[in-house]
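*Asks:* Handing you this structure, nothing more for now.
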Amino acid sequence: MQKSVRYNEGHALYLALLARKEGTKRGYPSKKTAEANRPGPLPPVLFYFESEQSARPAGIYMLEGCSCERAVAPKGAAAGSAKEAVLDKQYYFTVLFGHEGQKPLELRCEDEVDGDEWVEAIHQASYSDILIEREVLMQKYIHLVQIVETEKIAANQLRHQLEDQDTEIERLKSEIIALNKTKERMRPYQGNQEDEDPDIKKIKKVQSFMRGWLCRRKWKTIVQDYICSPHAESMRKRNQIVFNMVEAESEYVHQLYVLVNCFLRPLRMAASSKKPPISHDDVSSIFLNSETIMFLHEIFHQGLKARIANWPTLILADLFDILLPMLNIYQEFVRNHQYSLQVLANCKQNRDFDKLLKQYEANPACEGRMLETFLTYPMFQIPRYIITLHELLAHTPHEHVERKSLEFAKSKLEELSRVMHDEVSDTENIRKNLAIERTIVEGCDILLDTSQTFIRQGSLIQVPSVERGKLSKVRLGSLSLKKEGERQCFLFTKHFLICTRSSGGKLHLLKTGGVLSLIECTLIEETDAT
């Protein structure tokens with residue numbers, strides 16, 4: 001037989017009495033069996049009594065860890081019963097105790113609002129909520145303690161500042177007292193000055209005027225000597241160079257603006273039309289990096305104008321420090337320049353494009369200049385900067401604050417110019433070799449060598465072979481040539497090409513001796529004209 005659980009009945013009755021007086025919620029919910037019970041909760045315990053006058057509770061339910069939810073009205077009575085109709089309108093809810101073996105407590109109320117209040121009160125009847133509230137209050141308490149400590153520290157700092165200010169005030173008071181004493185000692189001397197003879201005052205006034213005149217004359221002499229000095233002349237020339245550079249930069253920005261707004265952007269729009277006279281790829285090839293270069297120099301020009309606004313103080317080195325890292329975009333433009341002109345020439349074969357381009361060139365902003373002219377302007381900008389910096393350094397003293405920065409900018413621009421020149425030379429040589437290779441019907445593999453540098457081309461007359469000892473062995477094509485013939489010749493660093501031109505204008509390499517390696521050849525000049 002299972003033993004019953006003991007509990008302190010006297011204390012439970014005392015809590016029941018308190019629940020009737022100070023309970024969180026009290027009312028008249030009934031069980032689903034329609035018993036008239038009247039419970040009154042004191043969290044986390046639910047007491048219920050048989051009647052209002054009952055001194056002892058009829059039951060006790062522990063609410064810690066339980067949940068409460070609304071229940072569906074029972075369907076036990078016959079339909080149409082008056083009692084069943086009344087029960088259907090009542091509010092039912094169930095208290096679940098959260099573990100197996102414990103039957104739920106089912107209750108009902110006549111009013112739905114009262115039932116919702118019971119459900120909410122039972123939900124809140126838990127020590128866990130109290131612990132959470134305690135934790136929140138503890139965090140607020142800790143935060144308030146920190147605020148109080150911070151305020152104490154701030155109050156101590158303000159107290160120290162007030163003490164320091166009091167000390168400073170005392171020091172200033174002592175200085176004021178000392179100055180007042182000095183002023184009192186000076187008063188007799190000032191009184192004596194007021195009592196001076198009028199003639200003495202006139203003499204002192206004349207002396208004062210003379211000292212001022214001599215001082216102004218001395219400064220005038222110093223300024224005139226400096227104006228005529230070599231340093232001043234050098235500074236004037238330097239300033240003039242800077243002013244000319246600003247004007248040239250302004251003109252260059254205007255040229256780029258015309259290139260972008262009068263040619264590039266209109267041609268982009270034309271390329272997007274229904275019948276485009278030019279493709280987007282050709283537009284990109286012709287105007288490679290033009291828009292980016294314009295934006296870059298607009299920024300540089302604004303910086304130059306800001307420096308001029310601070311004249312006579314002219315500091316330019318930092319502007320070149322900003323400009324130099326971005327000048328690499330010129331490499332692609334210069335490398336692509338010759339190709340862009342070729343693409344433009346090919347596009348001009350299209351009558352629609354040529355007509356449209358002439359309309360753009362007739363714009364008053366172009367001032368009669370052609371598109372090729374505007375595409376050529378960026379090619380000379382890097383050399384122009386080098387010349388300008390060279391002139392600036394020629395009129396900049398060695399101890400000048402900008403001397404080293406300008407020399408560094410000049411060296412970087414010269415290095416960039418050399419790289420661009422080499423790249424342009426290599427690119428143009430490759431394009432020239434490929435152009436010659438395409439004109440030869442049979443093709444020529446040796447022209448695909450990037451180290452093969454073109455020197456010159458032209459027409460030569462190949463003379464027939466004559467038995468003249470050893471000379472007949474070295475003549476070009478002497479084994480098969482029996483009469484003079486015109487040959488198209490191409491001279492490279494490693495090979496010499498001999499071609500014949502057909503009636504259709506196409507070039508054909510000679511089958512024998514058409515490609516001669518210069519390493520294995522010997523050049524002999526025949527002085528005998530016969």
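*Asks:* Would you tally the residues in the stretch 194-214 being open to solvent by less than 70 Å² (accessible area, probe 1.4 Å) and in a helix (DSSP H, G or I)? Please lay out each step first, then the result.
*Replies:* Within the stretch 194-214, the subset open to solvent by less than 70 Å² (accessible area, probe 1.4 Å) is 196, 208, 212.
Retained after the next criterion (residues that are in a helix (DSSP H, G or I)): 208, 212.
Of the residues in the stretch 194-214, 2 are open to solvent by less than 70 Å² (accessible area, probe 1.4 Å) and in a helix (DSSP H, G or I).
*Asks:* Okay, next question. Name the residues in the stretch 389-399 that are modelled with pLDDT under 85 and either among the small types (Gly, Ala, Ser) or surrounded by 14 or more Cβ atoms within 10 Å (Cβ to Cβ) (or both), would you?
*Replies:* Applying the first criterion (modelled with pLDDT under 85) to the stretch 389-399 yields 395-399.
Of everything in the stretch 389-399, those that are modelled with pLDDT under 85 and either among the small types (Gly, Ala, Ser) or surrounded by 14 or more Cβ atoms within 10 Å (Cβ to Cβ) (or both) turn out to be HIS395, THR396.
*Asks:* Tally up the residues in the stretch 275-298 that are closer than 22 Å to LYS412 by Cβ and free of Cβ contacts under 8 Å to residues at least 12 places away in the same chain, please.
*Replies:* Within the stretch 275-298, residues that are closer than 22 Å to LYS412 by Cβ and free of Cβ contacts under 8 Å to residues at least 12 places away in the same chain number 1.
*Asks:* Okay, moving on. List the residue pairs whose Cβ atoms are under 8 Å apart, where the first residue sits in the stretch 9-26 and is more than 16 Å from SER54 (Cα to Cα) and not assigned by the TED database to the domain that holds VAL119, the second is of a type outside the set (Lys, Arg) and modelled with pLDDT of 70 or more, and the two are 6 or more positions apart or on different chains.
*Replies:* Going by the 8 Å Cβ cut-off, there are no qualifying pairs.
*Asks:* Further question on the same structure: Those residues that are surrounded by fewer than 16 Cβ atoms within 10 Å (Cβ to Cβ) and either among the charged types (D, E, K, R) or over 23 Å from PHE374 (Cα atoms) (or both), I need them from the stretch 325-340; list them, please. Can you show your working first?
*Replies:* Step one: list which residues in the stretch 325-340 are surrounded by fewer than 16 Cβ atoms within 10 Å (Cβ to Cβ), which gives 325-326, 328-329, 332, 338-339.
Within the stretch 325-340, PRO325, GLU332 qualify.
*Asks:* Look at LEU507 and say whether it is at pLDDT 80 or above, touching a Phe, Trp or Tyr at 6+ places or on another chain (Cβ under 6 Å) and under 20 Å from LEU434 (Cβ atoms).
*Replies:* no
*Asks:* How many residues are closer than 30 Å to ALA317 by Cα and not in a helix (DSSP H, G or I) if we restrict to the stretch 353-393?
*Replies:* Counting residues in the stretch 353-393 that are closer than 30 Å to ALA317 by Cα and not in a helix (DSSP H, G or I) gives 0.
*Asks:* Kindly indicate which of ILE446, ILE440 is closer than 24 Å to LEU510 by Cβ, surrounded by fewer than 17 Cβ atoms within 10 Å (Cβ to Cβ) and of a type in the set (A, V, I, L, M, F, W, C).
*Replies:* On inspection, the qualifying residue turns out to be ILE446.
*Asks:* While we're looking at this one, here's another question. Quick check on the stretch 418-426. Is at least one of its residues without any contact (Cβ under 8 Å) to a residue 40 or more places away in the chain and either of a type in the set (A, V, I, L, M, F, W, C) or outside any helix (DSSP H, G or I) (or both)? Spell out the reasoning first.
*Replies:* Taking the stretch 418-426 first, the residues without any contact (Cβ under 8 Å) to a residue 40 or more places away in the chain are 418, 421-422, 425-426.
Then drop every residue that is not either of a type in the set (A, V, I, L, M, F, W, C) or outside any helix (DSSP H, G or I) (or both), which leaves none.
Within the stretch 418-426, not a single residue is without any contact (Cβ under 8 Å) to a residue 40 or more places away in the chain and either of a type in the set (A, V, I, L, M, F, W, C) or outside any helix (DSSP H, G or I) (or both).
*Asks:* Does any residue of the stretch 291-307 turn out to be over 25 Å from the mean Cα position of the chain (by Cα) and either closer than 18 Å to TYR377 by Cβ or not assigned by the TED database to the domain that holds ALA365 (or both)?
*Replies:* No: zero hits.
*Asks:* Just checking, does the stretch 341-361 include any residue being without any contact (Cβ under 8 Å) to a residue 40 or more places away in the chain, under 18 Å from GLN255 (Cα atoms), acidic (Asp, Glu) and exposed (fewer than 13 other Cβ atoms within 10 Å of the Cβ)?
*Replies:* no
Per-residue answers, yes or no, for (1) over 30 Å from TYR61 (Cβ atoms); (2) in a strand (DSSP E or B); (3) open to solvent by less than 100 Å² (accessible area, probe 1.4 Å):
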{"position": "HIS99", "(1), (2), (3)": "no, no, no"}
{"position": "HIS123", "(1), (2), (3)": "no, no, yes"}
{"position": "GLU133", "(1), (2), (3)": "no, no, no"}
{"position": "TYR141", "(1), (2), (3)": "yes, no, no"}
{"position": "LEU144", "(1), (2), (3)": "yes, no, no"}
{"position": "ASP166", "(1), (2), (3)": "yes, no, yes"}
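*Asks:* Which members of the stretch 101-118 meet the condition of being assigned to a helix (DSSP H, G or I) and either at pLDDT below 75 or open to solvent by 20 Å² or more (accessible area, probe 1.4 Å) (or both)?
*Replies:* The initial filter retains those residues of the stretch 101-118 that are assigned to a helix (DSSP H, G or I), namely 112-118.
Hits for the stretch 101-118 are GLU112, VAL113, ASP114, ASP116, GLU117.
*Asks:* So which residues in the stretch 269-304 are closer than 19 Å to TYR339 by Cα and aromatic (Phe, Trp, Tyr)?
*Replies:* The answer is PHE287, and nothing else.
*Asks:* If the requirement is being in contact with a helix residue (DSSP H, G or I) (Cβ under 8 Å, 6 or more places away or on another chain) and surrounded by fewer than 16 Cβ atoms within 10 Å (Cβ to Cβ), which of these qualifies: ILE241, ILE315, ILE278?
*Replies:* Details: ILE241 fails: surrounded by fewer than 16 Cβ atoms within 10 Å (Cβ to Cβ); ILE278 fails: surrounded by fewer than 16 Cβ atoms within 10 Å (Cβ to Cβ).
Among ILE241, ILE315, ILE278, only ILE315 is in contact with a helix residue (DSSP H, G or I) (Cβ under 8 Å, 6 or more places away or on another chain) and surrounded by fewer than 16 Cβ atoms within 10 Å (Cβ to Cβ).
The values are calculated or read from the model by the stated rules, or taken from the named source; none is laboratory data. Remember, it's a predicted structure, so these values are computed and weren't measured experimentally. All Cβ positions, even for glycine, are placed from backbone atoms using ideal geometry, and neighbour counts span all protein chains on display. Just the protein is used for accessible areas: all its heavy atoms, side chains included, with ligands, DNA and RNA removed. Shrake-Rupley method; radii C 1.70, N 1.55, O 1.52, S 1.80 Å.
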